[in-house]
Amino acid sequence: MKIFKIFLTAVIAVTVLTGCDNPEYPDPEGERGALSFEGFELTAVDGTVITSNVIDVADFVVNVRNSNTGDVAASWNYREMPAEVQLLEGLYTVEAYNAELQPAAWDAPYYYANAQVRVYGKEVTTVAPMQCSLANVKVDVAYTDAFRAAMGSDVTVSVEMAQGVIMEFVPTETRCAYFAPGATTLVAVLTGTVDGVDTMMQQVLTGIEGGQYYQVTFSLDGE
């Protein structure tokens, strides 16, 4: 009798182990489908640049997120993307971007795009081409010729959008600052010597939007 019981237990164990791969046993998490990236094309544009420039998207990150939870279900660099990925059925967001968004930084444009797709069980959904565009705020500081001739080397312009997020422009600065979108007001404060006099000037721009380029220009009275 003992031998018979051991043999019976072994048969049951084998049945349980092999049953998981049997198509008659459904995936406990739900049915799976696929997203096809066959022929998927990713591009990027900078609407603030007057002359045409080519943006290399090879190292852009492409994520597939669960639209309900926000969890990343799959992620690659664009150059390494597979032709197809298997996923549980449901609603997903395909997003692409060039770098992590920073509160503020020099010469750090943030290009972004996203699109929602639905994965159906036992079906293949094709992802359409996507185009990333500038999503953060580009800011530059300029001076008229007369103002530049009058200002001292101690002049500094502090540009602030979100509270505590400040970029400081010195007279020799040629780079643009990029701010994370969200705040709708930009405050630029100039301090330093102008015509030999300690000076403080302030400019306030409202209606700020992501993806736009704003140039703050300082001039002398009467120009």
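The values are calculated or read from the model by the stated rules, or taken from the named source; none is laboratory data. What you see is a predicted model, and the numbers here were worked out from it, not measured in a lab. Cβ coordinates were reconstructed from backbone atoms using ideal geometry, including for glycine residues, and neighbour counts include every protein chain displayed. Note: accessible area is taken over every heavy atom of the protein model, side chains too, but ligands, DNA and RNA are not part of it. Shrake-Rupley method; radii C 1.70, N 1.55, O 1.52, S 1.80 Å.
Looking at the stretch 94-106, which of its residues are of a type outside the set (A, V, I, L, M) and within 13 Å of the chain's Cα centre (by Cα)?
Passing the criteria: Glu95, Tyr97, Asn98, Glu100, Gln102, Pro103.
Let's see how each residue does on (1) of a type in the set (Val, Ile, Thr); (2) under 28 Å from Glu95 (Cβ atoms); (3) out of contact with any Leu (no Cβ under 7 Å at 6 or more places or on another chain):
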{"position": "Lys122", "(1), (2), (3)": "no, yes, yes"}
{"position": "Thr126", "(1), (2), (3)": "yes, yes, yes"}
{"position": "Tyr143", "(1), (2), (3)": "no, no, yes"}
{"position": "Ala146", "(1), (2), (3)": "no, no, no"}
{"position": "Arg175", "(1), (2), (3)": "no, yes, yes"}
{"position": "Ala188", "(1), (2), (3)": "no, no, yes"}
{"position": "Asp198", "(1), (2), (3)": "no, no, yes"}
{"position": "Ser219", "(1), (2), (3)": "no, no, yes"}
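Looking at the stretch 107-142, which of the residues that are surrounded by fewer than 19 Cβ atoms within 10 Å (Cβ to Cβ) and among the charged types (D, E, K, R) is farthest from the chain's Cα centre (by Cα)?
Restricting to residues being surrounded by fewer than 19 Cβ atoms within 10 Å (Cβ to Cβ) and among the charged types (D, E, K, R), the top hit is Lys122.
Restricting the stretch 185-211 to residues that are in contact with a Ser or Thr (Cβ under 9 Å, 6 or more places away or on another chain), assigned to a loop (DSSP other than H, G, I, E, B) and open to solvent by less than 80 Å² (accessible area, probe 1.4 Å), which is farthest from Pro103 (Cα to Cα)?
Out of the qualifying residues, it is Gly207.
Which of the residues spanning the stretch 143-160 are open to solvent by less than 20 Å² (accessible area, probe 1.4 Å) and within 26 Å of Gly47 (Cα to Cα)?
Val157, Val159 - these are the residues of the stretch 143-160 that are open to solvent by less than 20 Å² (accessible area, probe 1.4 Å) and within 26 Å of Gly47 (Cα to Cα).
Go through the stretch 161-170 and count every residue that is surrounded by fewer than 19 Cβ atoms within 10 Å (Cβ to Cβ) and either within 25 Å of the chain's Cα centre (by Cα) or more than 21 Å from Leu205 (Cα to Cα) (or both).
6
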